[in-house]
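Here is the structure we will look at.
Just so you know, all these numbers are worked out from the coordinates, no wet-lab data involved. Quick caveat, the model's predicted, so the values are computed rather than measured. Methodologically, a virtual Cβ is constructed for each residue, glycine included, from the backbone with ideal geometry; neighbour enumeration extends over all protein chains shown.
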Amino acid sequence: MCGIVGAVSTRNIVPILVQGLQRLEYRGYDSCGVAVHAADSASPATSTRLKRLRGIARVSDLGTQAEQQKLVGVTGIAHTRWATHGAPAVANAHPHVSRGPVPEGMSGEQAADRPARVTLVHNGIIENHEALRAELLARGYFFTSQTDTETVVHLIDSLYEGDLFQAVQAAVQRLHGSYSLAVLHRDEPHRLVGAREGSPLVLGLGSDGQENFLASDAMALAGVTDQIVYLEEGDVVDVQLGKYWITDRTTQSVTRPVKTVHAMSGAAELGPYRHYMQKEIFEQPRAVADTLEGVQAVVPELFEAANNHAPGEGAYATFRKVDKVLILACGTSYYSGCVAKYWLEAIAKIPCQVEIASEYRYRESVPDSKTLVVTISQSGETADTLAALRHAQSLGMPHTLTVCNVATSAMVRECKLAYITRAGVEIGVASTKAFTTQLVGLFLLTLALARARDLLTDEQEADHLTAMRHLPMALQAVLALEPQIIDWAEQFTTKENALFLGRGLHYPVALEGALKLKEITYIHAEAYAAGELKHGPLALVTSAMPVVTVAPNDALLEKLKSNMQEVRARGGVLYVLADADTHIASSEGIHVIRMPEHYGALSPILHVVPLQLLAYHTAVARGTDVDKPRNLAKSVTVE
């Protein structure tokens, strides 16, 4: 979601801060800002002042504003904000500042004109901000925003006694919730202090020893440094010229490993495509091929490659021991888990429960130490999923595995086993290639569990792997259907409601198709298991309600045809994605696109692609912001 970049250097770091924000734009934001130590014109040799720029336009506009105002500084922080507390407005944009308590008799306007003493940027949510605000108001602090963040900057100011690092250490002891912070003080011009709890923050080490950086994502520092230190929960970091030190939540000095991270900045280039979402849809054959690269056999050890834990019980022993699977995920990742449930129970014969992460952690559940807890996340930093994982571990379920697209993420670090998908950087908020590569990883997990449980023969394994290796070619054939899908999209442009239907394996695909349509076109869309039509949703069906139907040639086809007839009998208009041998033909009120081939258990990976294209082209026709839909963010790092 929100993005943080900070730097301490001997050169002007304003361009670095702006470029770092641009690399994080894909996460989604509604305001942005930058603050630096700038020389005080009254006494440039002996003092500095904190200068801040904020806006509710794009980062590029912030960069232009910085150039026009000749903003220069060697120490600074920058931020992109996705609104949680307070509307998208300049007053609520970061960085926030504290000017100290207001002297008695001074007006609010006069108080707001005083020089800033502390400035900070913040990702996350401070849950006890109301109590802190009341306390700080009583102490004379003047608030100018609706945010929870402003309480933190005033709190740090109130605790400052000449050492910013100690003030931040003291402040975080009083914060409840999640945060990553980057803080500057007027009187310490070459010092940047960071802290994290429940929200990601990394330290970047300059190559010449003369500069260091903070960021919420290593990608923000691509091209600046590839030496990254991942801060742990509760860490506070003191960043200065050529040096840094870290303390943990007990204020003890700690050492965190330095990792070389090659952030894929080049992958974020748009190239010949109109939008990133379009680019990422068409990257799916390559992404699937990359995710399968090197997979010669379905061995449990595939799920140990990214294991960052000390040597211990491996995947094979874990898979032999567990007798249930619990999948925890949110949004699109949740729907990939719903598909996996069908695979796991049909092929690996293991009971599987799929939970929305934000719901699981807040309900009474029955833990089982023989459960394999599987988390799914594109970013590996999804706050609700991380919290659900920790909750499951606290209940005594130690067997954990993640399917994730970022090898250096918190999700990978906190799970004992991992399968890293290789979708590459995904910029569009509406996930596409991350979803299909998650399905690939989950199908491999299914086969590995089946193998460990002696339920998969050599011949069956070979057949499955052959089918998987053919997926990139099959996806190319599906993408060739784009002209027909554009015709459908033109008919959807004026619609405000849509239904999606699927059965069995393809019900979660229908759910994902409806999510894509609502995310980027703002058309209200719902998905149902087709057999549920007559239990309520059929009341909505009219000629104005398009009904998108996923119709593979599987065991439920004839049942699905009956459901389609129920729609037609009420005047509904069907848009059917049908396998070639389903004998479903276009006619009045029935529009059919034929899929190139039936793909058995892997069919969901193919059928979701036309639904992605339908949402994309409908959004283009409606003129919405495809890559940055309103009110949404890419990486949801707050609860």
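Compared with the rule-of-thumb size 2.2 N^0.38 Å for a compact globular protein, the range 430-525 has a Cα radius of gyration ratio of 1.38. Approximating the spin labels as points 7 Å out from Cα along Cα→Cβ, the I486-to-A539 distance works out to 4.1 nm.
Each listed q (0.16, 0.18 Å⁻¹) maps to a log10 I(q)/I(0) for the range 479-622, found by the Debye formula over equal Cα scatterers with no solvent: -0.75, -0.98.
If you scale each eigenvalue of the Cα gyration tensor by 5 and take the root, what three semi-axes come out for the range 3-268, rounded to whole angstrom and sorted largest first?
26, 21, 19
Output the 0 to 90 degree angle, nearest 10, between the alpha-carbon long axis of helix 383-394 and the longest principal axis computed from the alpha carbons of the chain. The answer is roughly 80 degrees. Of all lysines in the structure, those lying under 23 Å Cα to Cα from K516, and not within fewer than 8 positions of it along the same chain, are K279, K341, K433, K495, K628, K634.
Each principal axis of the Cα cloud of the range 70-216 was evaluated for its coordinate range; sorted largest first, these ranges are 50, 30, 30 Å. Listed by chain and number, the lysines whose alpha-carbon sits under 23 Å from that of K243, ignoring those within fewer than 8 places in the same chain, are K259.
Extension gain, A91 to K243: 0.36 nm times the residue separation minus the Cα-Cα distance gives 51.3 nm.
Taking θ as phi - 60° and the Karplus parameters 6.51, -1.76 and 1.60, the scalar couplings of the range 542-554 work out to 9, 5, 8, 10, x, 10, 8, 10, 8, 10, x, 8, 10 Hz in sequence order, x denoting glycine and proline.
Rounded to whole numbers, the Karplus 3J(HN,Hα) couplings from phi for the range 597-611 are 7, 7, 10, x, 5, 8, 3, x, 5, 8, 5, 6, 5, x, 5 Hz, using 6.51 cos²θ - 1.76 cosθ + 1.60 with θ = phi - 60°, and x at Gly and Pro. Rounded to whole Å, give me the distance from the Cα center of the range 82-106 to that of the range 155-202. A separation of 17 Å, based on Cα centres. Pairwise inverse Cα distances across the range 285-390, averaged and inverted, put the Kirkwood hydrodynamic radius at 15.2 Å. Using the Karplus relation 6.51 cos²θ - 1.76 cosθ + 1.60 with θ = phi - 60°, the per-residue 3J(HN,Hα) values for the range 288-296 come to 5, 4, 5, 5, 8, 4, x, 7, 9 Hz, with x marking Gly and Pro. Spatial offset of the range 4-18 relative to the range 372-435 amounts to 31 Å, using the alpha carbon center of each.
For V548, nonlocal amide neighbours, meaning residues 5 or more places apart or on other chains whose placed amide H falls under 5 Å from its own, are L499, F500, L501, Y575. Modelled this way, with points 7 Å down the Cα-to-C-beta line, the labels at Y362 and A138 are 2.9 nm from one another. Inverting the pair-averaged 1/r between distinct Cα atoms of the range 203-269 gives 12.5 Å as its Kirkwood hydrodynamic radius. Using just its DSSP H runs of length 4 or more, each adding -39500 (n - 2.57), the chain gives a mean residue ellipticity at 222 nm of -10000 deg cm²/dmol after division by all residues. Considering the chain, its Cα convex hull presents a mean projected area of 29.9 nm².
Need the full-extension length gain, N128 to E233, defined as separation in residues times 0.36 nm minus the C-alpha distance. One decimal, nm.
Values: separation 105, 0.36 × 105 = 37.80 nm, distance 1.87 nm.
Extra length available between N128 and E233 comes to 35.9 nm.
For the range 353-400, the convex hull drawn through the C-alpha positions has a volume of 71 cubic angstrom per residue.
Set the Förster distance to 56 Å, then compute FRET efficiency between K370 and Q110 from the Cβ-Cβ distance, nearest 0.05.
Details: r = 66 Å, r/R0 = 1.18.
Working from the Cβ atoms, E equals 0.25.
Per-residue extension of 0.36 nm, minus the Cα-Cα distance of Q565 and Q69, leaves a gain of 172.0 nm for this segment. Both the radius of gyration and Dmax for the range 276-469 are 15.5, 44 Å, in that order, over alpha-carbon atoms.
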